[in-house]
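Presented below is the structure to which this report refers.
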Amino acid sequence: MLVARKSRGIKTYADMNNKKVNLWEGVLAIQPRMFFRKYNLKVKIIPQSYSINPFLRGGTDVASAMWYNEYHTIINSGLDADELTTFFFHSRLAMNSSLACGRDAE
């Protein structure tokens with residue numbers, strides 16, 4: 001999943017265009033890169049290591065996250081879920097390249 005701050009003007013996938021995105025490398029980058037390609041988004045990729053701190057400190061606009069880990073770290077840092085926009089990847093992505101963000105694939 002990707003997590004963005006609404007205060008940075010990111011409310012839809014199109015709002016990510018020309019934004020800084022923390023992105024894991026290797027196989028964990030496949031889904032986000034396909035997402036960017038599908039929606040023709042030009043983003044500045046900042047490698048994301050084991051820390052969500054660049055996002056928390058405002059250095060990036062969007063961050064890679066796992067629901068069970070980084071997302072809850074962001075919430076526990078003091079940000080409210082209402083301040084965030086989340087983009088979920090559809091589970092069939094690896095099989096047939098269909099994506100969804102927050103809803104079923106069209």
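Since every read-out is calculated from the coordinates, none of them should be taken as a lab result. It should be emphasised that the depicted structure is a prediction, and the values quoted were computed from it without experimental measurement. Note: ideal-geometry Cβ built from the backbone for every residue, glycine included; neighbour counts use all protein chains shown.
Using unit Cβ charges (K, R positive; D, E negative) and no other charged atoms, how large, in debye to the nearest 20, is the dipole of region 2-96 about its Cα centre?
For this selection, approximately 440 debye.
What's the exposure ranking of 82, 61, going from fewest to most Cβ atoms within 10 Å?
The most exposed by this proxy come first: 82, 61.
Going by C-beta contacts inside 10 Å, put 50, 71, 39 in order with the fewest on the left.
Going from sparsest to densest Cβ surroundings: 50, 39, 71.
Taking amide H atoms as placed 1.01 Å from N in the peptide plane, list the residues 5 or more away in sequence, or in a different chain, whose amide H sits under 5 Å from that of residue 85.
Hits under the 5 Å cutoff: 4, 5, 6.
For 33, 57, 8, which order do you get if you count the other beta carbons within 10 Å of each Cβ and list the fewest first?
Going from least to most buried by this count: 57, 33, 8.
Lys and Arg at +1, Asp and Glu at -1: add these up for the other residues within a Cβ distance under 12 Å of residue 45 and post the number.
It works out to a net charge of +3.
Add +1 for every Lys or Arg and -1 for every Asp or Glu among the other residues with Cβ under 9 Å from the Cβ of residue 83, and state the total.
Net local charge, residue 83 excluded: 0.
Would you work out which of 36, 23, 77 lies farthest towards the positive end of the dipole of region 2-96? Charges go on Cβ: Lys and Arg +1, Asp and Glu -1.
36
Residue 39 to residue 66: extension gain in nm, 0.36 nm per residue of separation minus the Cα-Cα distance?
Full-extension gain reported as 7.6 nm.
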